[in-house]
Amino acid sequence: MLVSNSKATGGLLMGCLLTAACGVRADEPVAGYVNGTQEVLQAIPLANGNVVRRLRFSVTVVTDDPSNPIHLASQDCFATYVFTANDEPVGGRGSCDGISARGDVWWIALELLPDGTVTWENLGGVGQLAGLRGSGTTTNLAEFDDGKSIARFEGTYSIGR
């Protein structure tokens, strides 16, 4: 069962996403799209009338630069987000792992802001993505009743050993 309202689960989908390029040492811009599915694993009413939702996101990362090593990567996220009774975001946190088409892994921390924006921070990786650092935002573009979503991410990243 998917509960979706514009910005409520919106930016959710993606906090998700980041990209990296091999050998980059200084901050570089990164942008693209994530698309896939979001699933409400559990919804729990809270004493103050808010609802906490435990969510799973399964997305594909499509970078603006097709030569980026994260282009067409697979990414999975788990998050716990709080919403008002009117389905407006209150806040929340989560984490993701991504696996590039080449087979390198990276990790991301997410935070849902009250305006529905998701901020993300890269927490390193292995292989070509070792030393990955970056941060940015993800904004929801479309959500569908079947749980599919499309979001845009923008930020900066660097890779250092």
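Scalar couplings 3J(HN,Hα) for segment 70-76, obtained by applying the Karplus form with A = 6.51, B = -1.76, C = 1.60 to θ = phi - 60°, are 9, 4, 6, 6, 9, 9, 10 Hz; x denotes Gly and Pro. For segment 99-161, a crude dipole built from +1 on the beta carbon of Lys and Arg and -1 on the beta carbon of Asp and Glu, taken about the Cα centre, is about 420 debye to the nearest 20.
Just the ratio, please: alpha-carbon radius of gyration of segment 89-161 over 2.2 N^0.38 Å, N its number of residues.
Against the empirical 2.2 N^0.38 Å value, I get 1.21 for segment 89-161.
Only protein heavy atoms count here; under a 1.4 Å probe, V40 has an accessible surface of about 20 Å². Per-residue accessible area (protein heavy atoms, 1.4 Å probe) orders L55, L113, L72 as L72, L113, L55, starting from the largest. Largest first, the residues D87, D145, D27 sort by 1.4 Å accessible area into D145, D27, D87.
When the solvent-accessible area of segment 47-161 is split by element, carbon and sulfur atoms take up 53 percent of it, the probe being 1.4 Å.
The values are calculated or read from the model by the stated rules, or taken from the named source; none is laboratory data. Values in this document were obtained by computation on a predicted structure and should not be read as measured data. Note that we place each Cβ from the backbone using ideal geometry, even for glycine, and neighbour counts take in every protein chain shown. Surface areas here come from the heavy atoms of the whole protein model, side chains and all, with no ligands, DNA or RNA. Shrake-Rupley method; radii C 1.70, N 1.55, O 1.52, S 1.80 Å.
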